[in-house]
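The values are calculated or read from the model by the stated rules, or taken from the named source; none is laboratory data. In this text, all values refer to a predicted model and were calculated from it rather than measured experimentally. We place every Cβ from the backbone using ideal geometry, glycine too, and count neighbours over all the protein chains shown.
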Amino acid sequence: MDGFEDALARAGAWIEAYYREPGRFPVFSRARPGDLVRALPAEAPEAPESFAAIFADFERLIVPGLTHWNHPRFFAYFAISAAPITVIAEALAAALDVNAMLWRTSPAATELEDVTTSWLRRLLGLDDGLHGIVYDTASTGGFTALSAAREALGLEIRERGLAGRSDLPALRLYVTEHTHSHLEKAAIALGIGSANVIRVPVDAARAMRPEALAAALDADLAAGYRPLAVCATVGTTSTTACDPIPAIAAVARERRVWLHVDAAYAGPAAILPELRSLLAGTEHADSLVVNPHKWLFVPIDCSVLYVRDLPNLRRTFSLVPDYLIAPETDDVRNYNEYGLQLGRRFRALKLWFAMRHFGAEGLRARLRAHIALARDLGDRIAATADWQVLAPYPLSVVCFCYAPQRLDDAARDRANLAIVETVNATGEAFVSSTRLDGRVAIRVAIGNERTTAADVETVWRLLRDAAGAPARR
Ligand SMILES: *Cc1c(COP(=O)(O)O)cnc(C)c1O
């Protein structure tokens with residue numbers, strides 16, 4: 001490409017300015033549906049266009065249509081951020097354009113995946129029996145884990161399928177109402193059926209009740225169902241509740257049922273010695289997911305699935321056509337055999353850059369800071385008249401609502417949704433909402449590398465201002 005060096009310098013300067021002041025754009029895009037589609041031509045250009053022209057449109061049309069996940073006052077969903085050094089790693093990975101489908105198609109990419117997932121396993125205090133593989137998202141990791149669980153049943157589903165077989169019992173999956181939806185999606189895709197996704201009752205802390213799990217499993221076994229897997233969560237998506245893994249593992253083990261642990265968001269917190277216990281009991285898990293792209297400052301996408309029985313996972317997905325046969329197949333891992341994808345991005349590179357750049361000590365300091373900010377915000381909300389905290393906040397998420405006495409349930413829900421929209425419309429902060437026990441809850445998640453106490457103070461002020469607006473007074 002002509003002018004590559006200048007183009008790179010221009011983009012580099014833009015990225016540098018962006019990171020110096022990520023708060024200079026409204027965090028929540030003001031775009032309206034269709035804005036970008038209307039602004040762009042219907043046809044791809046016939047003639048080549050210059051970098052300058054493309055970049056000008058990137059700044060003019062694309063950036064205003066973005067919600068800025070790197071903004072320090074992004075508090076919605078699970079706040080994340082890409083550490084600048086990982087952006088360099090992504091650029092290098094794109095430049096190399098490595099496809100790590102086979103060991104021989106880039107030996108270092110495959111082996112770096114082994115090294116980084118093993119580093120992470122040790123930092124998290126997971127046992128050495130778990131092998132890590134990098135996928136794009138926890139959704140893919142969960143699907144992969146349940147595929148392996150299905151293979152492990154020994155029902156020849158890989159060969160003979162599910163349809164038209166009278167010899168197969170219905171398979172069942174055990175979750176709670178707070179389990180992330182991707183596991184039900186996986187059950188749908190795997191032919192288990194959403195009717196066979198069983199929601200085990202939870203306790204007051206929104207955690208799965210192990211004795212209720214045991215009862216559900218025993219009743220289903222007696223009725224002729226075949227349990228496929230129990231999915232326990234460390235850090236549920238709405239409130240960061242934690243299912244009791246040791247007790248659940250015991251129930252699953254006694255009945256020889258696969259245990260999958262979804263620790264997509266909260267898993268990284270186990271790098272803190274004081275929160276190591278979050279992953280206690282996972283020495284009995286068959287699979288476990290952790291997302292470095294959520295709370296380890298690695299840009300999306302990068303999710304690690306740990307599995308105990310690697311040969312079983314290979315049996316699940318391995319299919320080697322003639323054009324992929326490699327002589328070293330038995331000495332190395334060809335990761336395309338361990339999942340749905342053939343082509344694989346070199347995702348381990350950014351994880352390696354991040355772990356080296358921060359060091360375990362730097363990662364711990366940042367996670368501790370986020371947890372302290374959330375604790376402080378939760379404590380302040382709890383101490384404020386007319387506001388109510390709706391769930392414990394042991395990690396970096398606080399769920400709460402504006403709840404003055406005089407509002408009935410419906411009015412309270414309307415007020416809280418309006419508060420969220422009012423705050424988001426300012427462009428100063430972005431928060432999201434969920435429902436807990438049927439009522440609207442405002443949700444503030446802290447997870448961005450650049451979020452400070454002042455940013456949390458600002459969102460709390462914006463929320464109170466929005467609640468005090470005349471319409472809601
Ligand atoms: C975010 C989240 C997921 C989904 O993660 P993706 O990587 O976006 O698929 C799954 N489980 C939990 C508990 C999560 O918090």
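Determine if region 345-358 includes at least one residue that is within 16 Å of the ligand (Cβ to nearest atom) and assigned to a helix (DSSP H, G or I). Yes, region 345-358 has at least one match.
Of the residues making up region 323-361, those that are of a type in the set (Lys, Arg) and more than 18 Å from ASN291 (Cβ to Cβ) are ARG333, ARG356. From the list GLU151, GLU111, GLU156, the one residue that fits, being modelled with pLDDT of 95 or more, more than 15 Å from the ligand (Cβ to nearest atom), under 30 Å from LEU367 (Cα atoms) and among the charged types (D, E, K, R), is GLU111. Scanning region 69-113 for residues that are closer than 18 Å to ALA17 by Cβ, assigned to a loop (DSSP other than H, G, I, E, B) and of a type in the set (Gly, Ala, Ser) yields a total of 3. Every condition in (1) touching a His at 6+ places or on another chain (Cβ under 8 Å); (2) at positive phi is met by VAL307 except one, and the failing one is (2). For LEU155, the conditions (1) without any contact (Cβ under 8 Å) to a residue 60 or more places away in the chain; (2) in a loop (DSSP other than H, G, I, E, B); (3) not charged (D, E, K, R) all hold with the exception of (1). When only residues in region 160-173 that are more than 16 Å from the ligand (Cβ to nearest atom) and not in a loop (DSSP other than H, G, I, E, B) count, which is farthest from VAL202 (Cα to Cα)? Looking at residues that are more than 16 Å from the ligand (Cβ to nearest atom) and not in a loop (DSSP other than H, G, I, E, B), I get ARG160. Annotation: of all residues in region 183-196 being crowded, with 21+ Cβ neighbours inside 10 Å and under 21 Å from ALA263 (Cβ atoms), the one that is farthest from the ligand (Cβ to nearest atom) is ALA187.
One residue stands out in region 372-397 among those that are β-branched (Val, Ile, Thr) and buried (at least 20 other Cβ atoms within 10 Å of the Cβ): the one that is nearest to VAL134 (Cα to Cα), namely VAL397. Entry remark, region 68-96: residues being basic (Lys, Arg) and surrounded by fewer than 19 Cβ atoms within 10 Å (Cβ to Cβ) number 0 in total. Which of the residues that make up region 222-235 are buried (at least 21 other Cβ atoms within 10 Å of the Cβ) and more than 14 Å from LEU288 (Cα to Cα)? Hits for region 222-235 are PRO227, LEU228. In the set (1) on the phi > 0 side of the Ramachandran plot; (2) exposed (fewer than 14 other Cβ atoms within 10 Å of the Cβ), GLU59 fails one condition alone, (1). Of everything in region 273-313 that is of a type in the set (D, E, K, R) and within 11 Å of the ligand (Cβ to nearest atom), the residue that is nearest to the chain's Cα centre (by Cα) is LYS294. Only one entry of GLU274, GLU254 meets the criterion of being over 30 Å from ALA76 (Cα atoms) and charged (D, E, K, R), and that entry is GLU254. Selection of first residues in region 258-275 that are touching a residue at least 60 places away in the same chain (Cβ under 8 Å) and of second residues that are away from the ligand (no atom under 11 Å from the Cβ) and among the hydroxyl-bearing types (Ser, Thr, Tyr), restricted to Cβ pairs under 6 Å at least 6 apart or on distinct chains, gives the following pairs, ordered by first then second residue: HIS260/SER287. Pairs meeting the criteria (first residue in region 376-394 and in contact (Cβ under 8 Å) with a residue 40 or more places away in the chain and within 25 Å of ASP243 (Cβ to Cβ), second residue small (Gly, Ala, Ser) and outside any helix (DSSP H, G or I), beta carbons under 6 Å, at least 6 apart or on different chains) are LEU390/ALA441.
If you filter region 202-221 down to residues that are closer than 25 Å to GLY141 by Cα and more than 16 Å from the ligand (Cβ to nearest atom), you find that the one that is surrounded by the fewest Cβ atoms within 10 Å (Cβ to Cβ) is ARG209.
Among the residues making up region 319-366, those that are surrounded by 12 or more Cβ atoms within 10 Å (Cβ to Cβ), of a type in the set (Gly, Ala, Ser) and in contact (Cβ under 8 Å) with a residue 40 or more places away in the chain are ALA326, GLY339, ALA348, ALA354, ALA360. When region 38-52 is filtered for residues that are within 36 Å of the chain's Cα centre (by Cα) and either surrounded by 10 or more Cβ atoms within 10 Å (Cβ to Cβ) or part of a loop (DSSP other than H, G, I, E, B) (or both), the ones remaining, listed by number, are ALA39, LEU40, PRO41, ALA42, GLU43, ALA44, PHE51, ALA52. Of all residues being touching a strand residue (DSSP E or B) at 6+ places or on another chain (Cβ under 6 Å) and part of a loop (DSSP other than H, G, I, E, B) in region 114-148, which is nearest to the ligand (Cβ to nearest atom)? Just the residue, please. So, considering only residues that are touching a strand residue (DSSP E or B) at 6+ places or on another chain (Cβ under 6 Å) and part of a loop (DSSP other than H, G, I, E, B), the one nearest to the ligand (Cβ to nearest atom) is THR137. Filtering region 265-272 for residues that are away from the ligand (no atom under 16 Å from the Cβ), surrounded by fewer than 20 Cβ atoms within 10 Å (Cβ to Cβ) and more than 22 Å from the chain's Cα centre (by Cα) leaves an empty set.
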